[in-house]
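Worksheet for the structure shown next.
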Amino acid sequence: MRTMGLSLTLLGASLGCSRHAPAPTMRPADLPSAERFPALPLRPRATAGGAFMRAWSDGRAELSGYRARVNRYGELRAAELVLIYVTEPMDRRTWVKDDAAPAEHRVNVLKLNASLKFQTGVYPYSVMTSVFAPVDRYRAEAFSPVKITLSAQEWCGHVFHGVWPGDERSTEQVMSYFVEEGERRREVPTPAGSLYEDALLIQLRELDGPFAGGVDWRGSLVPSLWTIRRAHTPTAAVEATIARSRAQLDGTDVHRFVLRYGEVTRTFDVEADGAHRVLGWRGSDGEEARLLGTARLPYWQLNHQGDEAQRALFGLGDEVPARDAGAPR
(Lines give C-alpha, C1' and ligand atoms only; values in the text may rest on other atoms or scores of the structure.)
Protein backbone atom coordinates (compact mmCIF):
# COMPACT_ATOMS: atom_id res chain seq x y z
CA MET A 1 0.00 0.00 0.00
CA ARG A 2 1.42 3.33 -1.00
CA THR A 3 1.49 6.07 1.59
CA MET A 4 -0.91 8.96 1.61
CA GLY A 5 2.08 11.28 1.35
CA LEU A 6 3.08 9.83 -2.02
CA SER A 7 -0.52 10.06 -3.20
CA LEU A 8 -0.65 13.73 -2.22
CA THR A 9 2.64 14.51 -3.93
CA LEU A 10 1.42 13.03 -7.20
CA LEU A 11 -1.97 14.66 -6.78
CA GLY A 12 -0.42 18.01 -6.05
CA ALA A 13 1.72 17.79 -9.15
CA SER A 14 -1.33 17.11 -11.30
CA LEU A 15 -3.36 19.96 -9.78
CA GLY A 16 -0.50 22.41 -9.80
CA CYS A 17 0.66 21.93 -13.38
CA SER A 18 -1.99 24.21 -14.87
CA ARG A 19 -0.32 27.25 -13.31
CA HIS A 20 2.93 26.64 -15.15
CA ALA A 21 1.75 24.80 -18.27
CA PRO A 22 2.37 26.45 -21.67
CA ALA A 23 -0.58 28.02 -23.44
CA PRO A 24 -2.54 25.52 -25.57
CA THR A 25 -2.00 25.67 -29.32
CA MET A 26 -5.72 25.17 -30.07
CA ARG A 27 -8.48 27.31 -28.60
CA PRO A 28 -12.02 26.00 -27.85
CA ALA A 29 -13.41 27.82 -30.89
CA ASP A 30 -11.23 25.57 -33.08
CA LEU A 31 -12.44 22.37 -31.43
CA PRO A 32 -15.41 20.22 -32.52
CA SER A 33 -18.86 21.65 -31.79
CA ALA A 34 -20.45 21.21 -28.38
CA GLU A 35 -23.28 19.40 -30.17
CA ARG A 36 -21.41 16.33 -28.95
CA PHE A 37 -22.87 17.02 -25.51
CA PRO A 38 -26.41 17.43 -24.16
CA ALA A 39 -27.53 21.06 -24.05
CA LEU A 40 -27.31 23.14 -20.89
CA PRO A 41 -29.79 26.05 -20.53
CA LEU A 42 -28.29 29.34 -21.62
CA ARG A 43 -29.03 30.97 -18.26
CA PRO A 44 -29.22 29.51 -14.76
CA ARG A 45 -32.43 29.41 -12.75
CA ALA A 46 -30.58 30.98 -9.83
CA THR A 47 -27.04 32.15 -9.13
CA ALA A 48 -24.83 30.90 -6.34
CA GLY A 49 -25.41 32.52 -2.95
CA GLY A 50 -23.04 35.06 -1.49
CA ALA A 51 -22.01 32.88 1.46
CA PHE A 52 -21.04 30.05 -0.88
CA MET A 53 -19.03 32.33 -3.15
CA ARG A 54 -17.17 33.91 -0.23
CA ALA A 55 -16.18 30.47 1.05
CA TRP A 56 -15.28 28.89 -2.29
CA SER A 57 -13.81 31.71 -4.40
CA ASP A 58 -10.55 32.05 -2.46
CA GLY A 59 -8.40 29.96 -4.82
CA ARG A 60 -8.04 27.18 -2.28
CA ALA A 61 -8.81 23.49 -2.51
CA GLU A 62 -10.36 21.53 0.33
CA LEU A 63 -8.78 18.09 0.81
CA SER A 64 -10.31 15.47 3.08
CA GLY A 65 -8.54 12.18 3.77
CA TYR A 66 -10.42 8.98 4.64
CA ARG A 67 -9.52 5.54 5.86
CA ALA A 68 -11.80 3.22 3.90
CA ARG A 69 -12.72 -0.31 2.95
CA VAL A 70 -13.82 -1.20 -0.57
CA ASN A 71 -15.41 -4.37 -1.90
CA ARG A 72 -13.48 -5.92 -4.79
CA TYR A 73 -13.48 -9.52 -6.03
CA GLY A 74 -15.77 -10.54 -3.20
CA GLU A 75 -13.52 -9.26 -0.39
CA LEU A 76 -13.25 -6.05 1.60
CA ARG A 77 -9.93 -4.28 0.96
CA ALA A 78 -8.24 -1.58 3.03
CA ALA A 79 -8.13 1.65 1.03
CA GLU A 80 -6.99 5.27 1.06
CA LEU A 81 -9.37 7.92 -0.25
CA VAL A 82 -8.85 11.65 -0.74
CA LEU A 83 -11.67 14.00 -1.76
CA ILE A 84 -10.50 17.27 -3.35
CA TYR A 85 -13.03 20.08 -3.81
CA VAL A 86 -12.18 23.26 -5.74
CA THR A 87 -13.96 25.79 -7.94
CA GLU A 88 -12.79 26.45 -11.50
CA PRO A 89 -14.09 27.83 -14.82
CA MET A 90 -15.10 25.59 -17.73
CA ASP A 91 -15.97 26.33 -21.35
CA ARG A 92 -19.48 25.03 -22.03
CA ARG A 93 -18.59 24.35 -25.69
CA THR A 94 -16.04 21.71 -24.74
CA TRP A 95 -16.56 21.05 -21.00
CA VAL A 96 -12.88 21.41 -20.29
CA LYS A 97 -11.26 23.81 -17.83
CA ASP A 98 -10.38 27.13 -19.46
CA ASP A 99 -9.35 30.17 -17.44
CA ALA A 100 -9.61 32.28 -20.61
CA ALA A 101 -13.12 31.17 -21.64
CA PRO A 102 -15.25 34.13 -22.83
CA ALA A 103 -17.91 35.24 -20.36
CA GLU A 104 -20.77 34.03 -22.57
CA HIS A 105 -19.32 30.51 -22.63
CA ARG A 106 -17.90 30.34 -19.11
CA VAL A 107 -19.54 28.11 -16.51
CA ASN A 108 -18.00 28.07 -13.03
CA VAL A 109 -18.13 24.66 -11.40
CA LEU A 110 -17.35 23.03 -8.10
CA LYS A 111 -15.07 20.15 -9.04
CA LEU A 112 -14.71 17.04 -6.92
CA ASN A 113 -11.79 14.69 -7.53
CA ALA A 114 -12.11 11.43 -5.59
CA SER A 115 -8.77 9.61 -5.53
CA LEU A 116 -9.07 5.98 -4.36
CA LYS A 117 -6.14 3.59 -3.89
CA PHE A 118 -6.15 0.00 -2.66
CA GLN A 119 -4.44 -3.34 -3.13
CA THR A 120 -5.81 -6.65 -4.44
CA GLY A 121 -3.55 -9.68 -4.46
CA VAL A 122 -0.16 -8.56 -5.73
CA TYR A 123 -1.22 -5.47 -7.64
CA PRO A 124 -2.52 -1.99 -6.78
CA TYR A 125 -5.65 -0.23 -7.97
CA SER A 126 -5.82 3.52 -8.59
CA VAL A 127 -9.23 5.02 -9.34
CA MET A 128 -10.02 8.69 -9.94
CA THR A 129 -13.58 9.95 -10.27
CA SER A 130 -14.12 13.59 -11.22
CA VAL A 131 -17.43 15.44 -10.91
CA PHE A 132 -18.01 18.87 -12.43
CA ALA A 133 -21.06 20.64 -10.95
CA PRO A 134 -22.01 24.24 -11.87
CA VAL A 135 -22.15 26.53 -8.85
CA ASP A 136 -25.16 28.32 -10.39
CA ARG A 137 -28.39 26.32 -10.51
CA TYR A 138 -29.18 25.32 -14.10
CA ARG A 139 -31.41 22.38 -13.21
CA ALA A 140 -33.92 21.58 -10.47
CA GLU A 141 -31.34 20.33 -7.95
CA ALA A 142 -28.35 22.44 -6.99
CA PHE A 143 -24.95 21.22 -8.19
CA SER A 144 -26.42 18.95 -10.88
CA PRO A 145 -23.32 17.77 -12.77
CA VAL A 146 -22.48 18.55 -16.38
CA LYS A 147 -19.63 16.04 -16.59
CA ILE A 148 -18.50 12.95 -14.67
CA THR A 149 -15.40 10.98 -15.56
CA LEU A 150 -13.69 7.91 -14.14
CA SER A 151 -10.28 6.42 -14.89
CA ALA A 152 -9.12 3.16 -13.33
CA GLN A 153 -5.62 1.72 -13.52
CA GLU A 154 -4.39 -1.69 -12.42
CA TRP A 155 -1.88 -4.21 -13.74
CA CYS A 156 -4.30 -5.67 -16.31
CA GLY A 157 -4.77 -2.29 -18.00
CA HIS A 158 -6.72 0.92 -17.69
CA VAL A 159 -10.21 2.20 -18.44
CA PHE A 160 -11.82 5.61 -19.07
CA HIS A 161 -15.55 6.20 -18.61
CA GLY A 162 -17.17 9.59 -19.11
CA VAL A 163 -20.78 10.76 -18.80
CA TRP A 164 -22.14 14.17 -19.85
CA PRO A 165 -25.63 14.51 -18.26
CA GLY A 166 -28.58 16.15 -19.99
CA ASP A 167 -32.27 16.69 -19.26
CA GLU A 168 -33.61 13.64 -21.11
CA ARG A 169 -30.43 11.86 -22.13
CA SER A 170 -26.78 11.61 -21.22
CA THR A 171 -23.83 11.10 -23.54
CA GLU A 172 -21.51 8.27 -22.53
CA GLN A 173 -18.01 7.46 -23.73
CA VAL A 174 -16.03 4.37 -22.73
CA MET A 175 -12.45 3.44 -23.66
CA SER A 176 -11.46 0.06 -22.22
CA TYR A 177 -8.92 -2.68 -22.62
CA PHE A 178 -11.74 -5.28 -22.28
CA VAL A 179 -12.86 -6.58 -25.67
CA GLU A 180 -16.46 -6.79 -24.43
CA GLU A 181 -16.41 -3.03 -23.81
CA GLY A 182 -13.88 -1.78 -26.35
CA GLU A 183 -14.33 1.87 -27.33
CA ARG A 184 -17.83 3.24 -27.72
CA ARG A 185 -19.95 6.35 -27.54
CA ARG A 186 -23.70 6.20 -27.01
CA GLU A 187 -26.74 8.05 -25.74
CA VAL A 188 -28.25 6.96 -22.41
CA PRO A 189 -31.90 7.77 -21.60
CA THR A 190 -32.03 9.66 -18.28
CA PRO A 191 -35.39 11.09 -17.13
CA ALA A 192 -35.49 14.80 -16.37
CA GLY A 193 -34.49 15.44 -12.77
CA SER A 194 -32.27 12.36 -12.50
CA LEU A 195 -29.55 12.47 -9.86
CA TYR A 196 -26.06 11.00 -10.20
CA GLU A 197 -24.64 9.06 -7.28
CA ASP A 198 -21.15 10.42 -7.91
CA ALA A 199 -22.44 13.99 -7.37
CA LEU A 200 -24.02 13.22 -4.00
CA LEU A 201 -20.71 13.86 -2.23
CA ILE A 202 -21.21 17.47 -3.34
CA GLN A 203 -24.99 17.78 -3.12
CA LEU A 204 -25.46 16.20 0.31
CA ARG A 205 -23.09 18.75 1.82
CA GLU A 206 -25.78 21.40 1.25
CA LEU A 207 -23.17 24.09 0.64
CA ASP A 208 -25.69 26.47 -0.95
CA GLY A 209 -29.07 25.52 0.46
CA PRO A 210 -30.80 22.28 1.51
CA PHE A 211 -30.69 19.20 -0.67
CA ALA A 212 -34.09 18.36 -2.25
CA GLY A 213 -35.64 21.32 -0.45
CA GLY A 214 -34.87 19.77 2.94
CA VAL A 215 -37.21 16.78 2.53
CA ASP A 216 -36.85 13.14 1.50
CA TRP A 217 -36.16 12.52 -2.18
CA ARG A 218 -37.50 9.91 -4.62
CA GLY A 219 -36.73 9.61 -8.32
CA SER A 220 -34.27 8.35 -10.93
CA LEU A 221 -30.58 7.99 -10.12
CA VAL A 222 -27.57 6.89 -12.16
CA PRO A 223 -25.29 4.70 -9.98
CA SER A 224 -21.67 5.74 -9.50
CA LEU A 225 -19.32 5.00 -12.37
CA TRP A 226 -17.18 2.90 -10.00
CA THR A 227 -20.24 0.78 -9.14
CA ILE A 228 -20.96 0.34 -12.85
CA ARG A 229 -17.29 -0.42 -13.52
CA ARG A 230 -17.10 -3.24 -10.96
CA ALA A 231 -20.42 -4.80 -11.98
CA HIS A 232 -19.71 -4.50 -15.74
CA THR A 233 -23.32 -3.39 -16.24
CA PRO A 234 -24.67 -0.81 -18.73
CA THR A 235 -25.08 2.76 -17.55
CA ALA A 236 -28.76 3.30 -16.78
CA ALA A 237 -30.98 5.28 -14.43
CA VAL A 238 -32.67 3.30 -11.64
CA GLU A 239 -35.41 4.14 -9.16
CA ALA A 240 -33.97 5.35 -5.85
CA THR A 241 -34.84 7.07 -2.59
CA ILE A 242 -32.87 9.27 -0.20
CA ALA A 243 -34.24 9.63 3.35
CA ARG A 244 -32.85 12.28 5.68
CA SER A 245 -32.76 12.57 9.46
CA ARG A 246 -30.82 14.25 12.27
CA ALA A 247 -28.35 12.16 14.27
CA GLN A 248 -25.12 12.35 16.23
CA LEU A 249 -21.77 10.87 15.33
CA ASP A 250 -19.20 10.87 18.14
CA GLY A 251 -20.94 13.86 19.70
CA THR A 252 -21.21 15.82 16.45
CA ASP A 253 -24.62 16.78 15.06
CA VAL A 254 -25.00 15.36 11.57
CA HIS A 255 -27.48 15.20 8.75
CA ARG A 256 -27.86 11.51 7.96
CA PHE A 257 -28.84 10.58 4.41
CA VAL A 258 -29.81 6.98 3.53
CA LEU A 259 -29.66 6.17 -0.18
CA ARG A 260 -31.46 3.06 -1.44
CA TYR A 261 -31.71 1.57 -4.91
CA GLY A 262 -32.09 -2.09 -5.86
CA GLU A 263 -30.17 -4.09 -3.25
CA VAL A 264 -27.88 -1.15 -2.45
CA THR A 265 -28.07 0.92 0.74
CA ARG A 266 -25.56 3.66 1.57
CA THR A 267 -25.67 5.88 4.65
CA PHE A 268 -23.88 9.25 4.59
CA ASP A 269 -23.15 11.37 7.68
CA VAL A 270 -22.59 15.07 6.97
CA GLU A 271 -21.71 17.78 9.50
CA ALA A 272 -24.85 19.76 10.32
CA ASP A 273 -22.78 22.91 11.01
CA GLY A 274 -19.46 24.42 10.04
CA ALA A 275 -17.93 23.28 6.78
CA HIS A 276 -20.55 20.54 6.25
CA ARG A 277 -17.86 17.95 5.64
CA VAL A 278 -18.82 14.39 4.80
CA LEU A 279 -17.69 12.63 7.99
CA GLY A 280 -18.14 9.16 6.54
CA TRP A 281 -20.41 6.63 4.92
CA ARG A 282 -21.14 2.92 4.98
CA GLY A 283 -22.81 0.54 2.57
CA SER A 284 -24.84 -2.64 2.69
CA ASP A 285 -21.94 -4.50 1.05
CA GLY A 286 -19.58 -3.70 3.94
CA GLU A 287 -17.87 -0.74 2.30
CA GLU A 288 -17.20 2.25 4.52
CA ALA A 289 -15.14 5.40 4.84
CA ARG A 290 -14.19 7.44 7.89
CA LEU A 291 -12.84 10.99 7.83
CA LEU A 292 -9.31 11.33 9.20
CA GLY A 293 -8.76 15.02 8.62
CA THR A 294 -9.13 18.03 6.33
CA ALA A 295 -6.73 20.59 4.88
CA ARG A 296 -7.51 23.72 2.89
CA LEU A 297 -4.63 24.89 0.70
CA PRO A 298 -3.95 26.91 -2.45
CA TYR A 299 -4.51 24.11 -4.96
CA TRP A 300 -1.70 25.15 -7.27
CA GLN A 301 0.75 24.87 -4.33
CA LEU A 302 -0.21 21.40 -3.15
CA ASN A 303 2.97 19.86 -4.51
CA HIS A 304 4.96 22.31 -2.36
CA GLN A 305 2.95 21.81 0.83
CA GLY A 306 2.60 18.03 0.93
CA ASP A 307 3.83 17.71 4.52
CA GLU A 308 1.26 20.20 5.82
CA ALA A 309 -1.54 18.49 3.92
CA GLN A 310 -0.44 15.04 5.04
CA ARG A 311 -0.43 16.08 8.72
CA ALA A 312 -3.94 17.50 8.44
CA LEU A 313 -5.31 14.57 6.43
CA PHE A 314 -4.02 12.10 8.99
CA GLY A 315 -5.67 14.03 11.81
CA LEU A 316 -2.45 15.50 13.21
CA GLY A 317 -3.16 19.14 12.40
CA ASP A 318 -4.68 21.64 14.84
CA GLU A 319 -7.84 22.04 12.74
CA VAL A 320 -8.77 18.35 13.01
CA PRO A 321 -10.48 17.16 16.20
CA ALA A 322 -9.20 13.92 17.75
CA ARG A 323 -12.48 12.09 17.06
CA ASP A 324 -11.74 12.23 13.32
CA ALA A 325 -8.64 10.06 13.69
CA GLY A 326 -10.43 6.78 14.43
CA ALA A 327 -10.80 3.73 12.21
CA PRO A 328 -13.94 3.22 10.13
CA ARG A 329 -16.90 2.03 12.15
**OP:** Amide H neighbours of ASP216 under 5 Å, at least 5 residues apart or on other chains, H built in the peptide plane: list them.
**Re:** ARG244
**OP:** Work out from phi, with θ = phi - 60° and the Karplus expression 6.51 cos²θ - 1.76 cosθ + 1.60, the ³J(HN,Hα) of each residue of the stretch 270-280, listed in order in whole Hz, and give x for Gly and Pro.
**Re:** 10, 3, 6, 10, x, 7, 6, 6, 7, 7, x
**OP:** Per residue of the stretch 63-73, in order, report the coupling 6.51 cos²θ - 1.76 cosθ + 1.60 (Karplus, θ = phi - 60°) as ³J(HN,Hα) in whole Hz, putting x for Gly and Pro.
**Re:** 10, 10, x, 10, 8, 9, 10, 10, 9, 9, 6
Original post:
Carbon and sulfur: what percent of the stretch 138-190's accessible surface (1.4 Å probe)?
Top reply: 57 percent
Subject >> the stretch 149-201 and the stretch 42-90: distance between their alpha carbon centers, rounded to Å >> reply: 19 Å
Subject >> Contour minus Cα-Cα distance for GLU239 and THR120 (0.36 nm per residue) >> reply: 39.7 nm
Subject >> Other-chain or far-sequence residues with amide H under 5 Å of VAL222's (modelled H) >> reply: LEU195, TYR196, GLU197, VAL238
Original post:
Which ³J(HN,Hα) values in Hz, rounded to whole numbers, follow from the phi angles of the stretch 123-128 under the Karplus curve 6.51 cos²θ - 1.76 cosθ + 1.60, where θ = phi - 60° and Gly and Pro get x?
Top reply: 10, x, 9, 9, 10, 10
Original post:
Between CYS156 and ALA78, what is the spin-label point distance in nm, taking each point 7 Å from the Cα along the Cα→C-beta axis?
Top reply: 2.5 nm
Original post:
When only DSSP loop residues count, what chymotrypsin sites (Phe, Trp or Tyr not before Pro) in the stretch 34-136 have their Cβ near at most 13 other Cβ atoms within 10 Å?
Top reply: TYR73
Subject >> Amide H contacts under 5 Å for ALA61, placed H, 5+ residues apart >> reply: LEU297, TYR299
Subject >> Reach of LYS97 by Cα under 20 Å, taken over aspartates and glutamates that are not fewer than 8 positions away in the same chain >> reply: ASP30, GLU35, ASP58, GLU62, GLU88, ASP136, GLU172, ASP198
Subject >> FRET efficiency estimate (nearest 0.05) - Cβ-Cβ, SER284 to TYR177, R0 25 angstrom >> reply: 0.25
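The values are calculated or read from the model by the stated rules, or taken from the named source; none is laboratory data. Remember, predicted model here, so these are calculated numbers, not experimental data. We place every Cβ from the backbone using ideal geometry, glycine too, and count neighbours over all the protein chains shown. Note: accessible area is taken over every heavy atom of the protein model, side chains too, but ligands, DNA and RNA are not part of it. Shrake-Rupley method; radii C 1.70, N 1.55, O 1.52, S 1.80 Å.
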